[in-house]
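Worksheet: the structure to be examined is printed underneath.
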Amino acid sequence: MKFLPQYFEEILLLVTVEKSNKLIYELPSNVRAAHLNQQLSFADKIFGFHFLFSPHFWNEWKFVRRQYKMKLNSIMLKTMLSYLQAAAKLKRQIAAQIRKHELHGKELIYYSFWNDFRSIAIAQLAKQTGSVAVARAHGWDVYFERHQPPYLPFRKFLTEHLDRCYYVSENGRSYTSAKLGYVNHPKLKVAQLGTQFSGTNPESNEETFVIVSCSRFVPLKRNHLIADVLRHLSFPVRWIHFGSGFAR
């Protein structure tokens, strides 16, 4: 939000996480925000069974068998249907926001911070409206092994229908390329995350060296490696960590 308003005439920020009335920061004048309810109702789930007759479903089913060499089980079936259900609901909600804010006919770029059902929704919308759809991919939405069974749905569809997918690491891009059987797909790019440089720390005469880390405190983040390094040091060190332990 510090940089994007400088480059876009209007930004419509659509939030899909749990709604909160707490104001974290003020939005710039050309940014509007709305909360979208992504909870699937009982009716949504019942209606979702019609996706069993969707070409998206059958194309994915055939690709899973041919490329991943996996047999379709009930959990994978549920995952595929839930992705299509959630994407369809989100697509309707985004389309309603576009109508509400009278954005039809304007040059639109749909952007999803996660490469999951949200990127499926914007890929489908962009195709219908002749717009651009871009997604990011991190870790949870890249590596099959972080899921049980080890599978993420509609990776081929997303690669074919998004205009770009930006991975936070070369490892993630290479992993997806190998999974899908691509050598060097032009839509799969790397754009690392980062922060603006805030200058060096002030000089300190204290004897204790301070190190700060920030992440979820779970094995995936390998915080234990910091402890392994620190125990070999021969001078006083204070380690400050921001982040609690929860899994995703």
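Before moving on, here are some points about what is shown:
- Selection status of residue 171, part of a helix (DSSP H, G or I) and either small (Gly, Ala, Ser) or open to solvent by 40 Å² or more (accessible area, probe 1.4 Å) (or both): yes
- Condition check for residue 184 on (1) closer than 24 Å to residue 143 by Cβ; (2) in contact with a Leu (Cβ under 7 Å, 6 or more places away or on another chain): one failure, at (2).
- Of residues in the range 239-248 being over 21 Å from the mean Cα position of the chain (by Cα) and among the hydrophobic types (A, V, I, L, M, F, W, C), the one least open to solvent (accessible area, probe 1.4 Å): 240
- Within the range 116-142, the set of residues being open to solvent by 10 Å² or more (accessible area, probe 1.4 Å) and out of contact with any Ser or Thr (no Cβ under 9 Å at 6 or more places or on another chain) comprises 124, 127, 128, 129, 130, 131, 132, 140.
Let's see how each residue does on (1) touching a residue at least 24 places away in the same chain (Cβ under 8 Å); (2) part of a helix (DSSP H, G or I); (3) among the polar types (S, T, N, Q); (4) open to solvent by less than 50 Å² (accessible area, probe 1.4 Å):
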{"residue": "33", "(1), (2), (3), (4)": "no, no, no, no"}
{"residue": "43", "(1), (2), (3), (4)": "no, yes, no, no"}
{"residue": "48", "(1), (2), (3), (4)": "yes, yes, no, yes"}
{"residue": "78", "(1), (2), (3), (4)": "no, yes, no, no"}
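- Residue ID - farthest from residue 88 (Cα to Cα), chosen from residues in the range 1-40 that are more than 19 Å from the chain's Cα centre (by Cα) and of a type in the set (Val, Ile, Thr): 24
- Residues satisfying the stated conditions in the range 147-156, i.e. among the charged types (D, E, K, R) and surrounded by 20 or more Cβ atoms within 10 Å (Cβ to Cβ): 155
- Test: residue 159 is free of Cβ contacts under 8 Å to residues at least 60 places away in the same chain, surrounded by fewer than 16 Cβ atoms within 10 Å (Cβ to Cβ) and among the β-branched types (Val, Ile, Thr): no
Condition check ((1) more than 16 Å from the chain's Cα centre (by Cα); (2) touching a residue at least 60 places away in the same chain (Cβ under 8 Å); (3) under 27 Å from residue 41 (Cα atoms)) across all residues:
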| position | (1), (2), (3) |
| --- | --- |
| 96 | yes, no, yes |
| 136 | no, no, no |
| 141 | no, no, yes |
| 150 | yes, no, yes |
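- Residue, most open to solvent (accessible area, probe 1.4 Å), within the range 174-214, restricted to residues that are part of a helix (DSSP H, G or I) and in contact (Cβ under 8 Å) with a residue 12 or more places away in the chain: 179
- Restricting the first member to the range 222-238 and to residues that are open to solvent by less than 90 Å² (accessible area, probe 1.4 Å), and the second to residues that are of a type in the set (Val, Ile, Thr), the beta-carbon pairs closer than 7 Å and six or more apart or on different chains are 230/237; 236/208; 237/208; 237/211.
- Residue match in the range 116-136 (condition: in contact with a strand residue (DSSP E or B) (Cβ under 6 Å, 6 or more places away or on another chain), assigned to a helix (DSSP H, G or I) and among the hydroxyl-bearing types (Ser, Thr, Tyr)): yes
- Selection of the range 51-71 for residues being within 15 Å of residue 144 (Cα to Cα), open to solvent by less than 60 Å² (accessible area, probe 1.4 Å) and in a loop (DSSP other than H, G, I, E, B) yields only 70.
The values are calculated or read from the model by the stated rules, or taken from the named source; none is laboratory data. Model, not experiment: these values are computed from the prediction. All Cβ positions, even for glycine, are placed from backbone atoms using ideal geometry, and neighbour counts span all protein chains on display. These accessible areas exclude ligands, DNA and RNA; they are computed on the full protein's heavy atoms, side chains included. Shrake-Rupley method; radii C 1.70, N 1.55, O 1.52, S 1.80 Å.
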